[in-house]
Amino acid sequence: MTIDLNILNHLGINLYSNVPAVLSEVVANAWDADATEVKIFLQPSEEKIIIEDDGHGMNLLDLNNKYLNIGYAKRENGEEVTPKYGRLVMGRKGIGKLSLFSIAKKIDVYSSKDGELNGLRLDSDKIQKHIKARNNVYNPEEILVNGWYYKRDFWDKDYTDRN
């Protein structure tokens, strides 16, 4: 059996129609990452929404095997509760992360775990090109994170100078 990338159109890219529903998915993902704080910064003049949390983060293996694995089933992989706070995970189908495509064409993901910084860009237009070309493999663009910082006091930083 194979799965066509077009399934992304049905499961996530066109799944949500309003910003609050999308943001609730993001907050649920932060909950599942044992975050105690989630901050959402709206930058209408730049057409940006920045969402940051203080959860456990992802290393490269987590990004590839979990985040980019659409349909990743946490519960079936022994992740019914979060590792730090023992919370029951909210994620069920592994598609909530796709909800961001309902409000954005490009999604930049930055994450840090155990001192390892990683970044990637998901681009809806490029995914659509892969779908139309019947190319069922999409590789996100890697984002160099040398200039990106990760500090526990990032809540107090000025976000206007970030890319």
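Brief remarks follow.
- Every residue from the range 111-129 that is in a helix (DSSP H, G or I) and open to solvent by less than 20 Å² (accessible area, probe 1.4 Å): SER124, ILE127
- One residue from GLU37, GLU52 being more than 28 Å from ILE7 (Cβ to Cβ), surrounded by 13 or more Cβ atoms within 10 Å (Cβ to Cβ), modelled with pLDDT of 90 or more and not hydrophobic (A, V, I, L, M, F, W, C): GLU52
- Taking the criterion of being touching a residue at least 40 places away in the same chain (Cβ under 8 Å), buried (at least 17 other Cβ atoms within 10 Å of the Cβ) and within 22 Å of LEU8 (Cα to Cα), the residues of the range 75-103 that qualify are GLY91, ILE95, GLY96, LYS97, LEU98, SER99, LEU100, PHE101, SER102.
- From LEU61, LEU15, LEU5, residue being over 15 Å from the mean Cα position of the chain (by Cα), of a type in the set (A, V, I, L, M) and open to solvent by 30 Å² or more (accessible area, probe 1.4 Å): LEU15
- ILE143 being in contact with a helix residue (DSSP H, G or I) (Cβ under 7 Å, 6 or more places away or on another chain) and at pLDDT below 90: no
The values are calculated or read from the model by the stated rules, or taken from the named source; none is laboratory data. None of these values were measured; they are calculated from a predicted model. All Cβ positions, glycine included, derive from the backbone under ideal geometry; neighbour counts span all protein chains shown. For accessibility, only protein heavy atoms count, side chains too; no ligands or nucleic acids. Shrake-Rupley method; radii C 1.70, N 1.55, O 1.52, S 1.80 Å.
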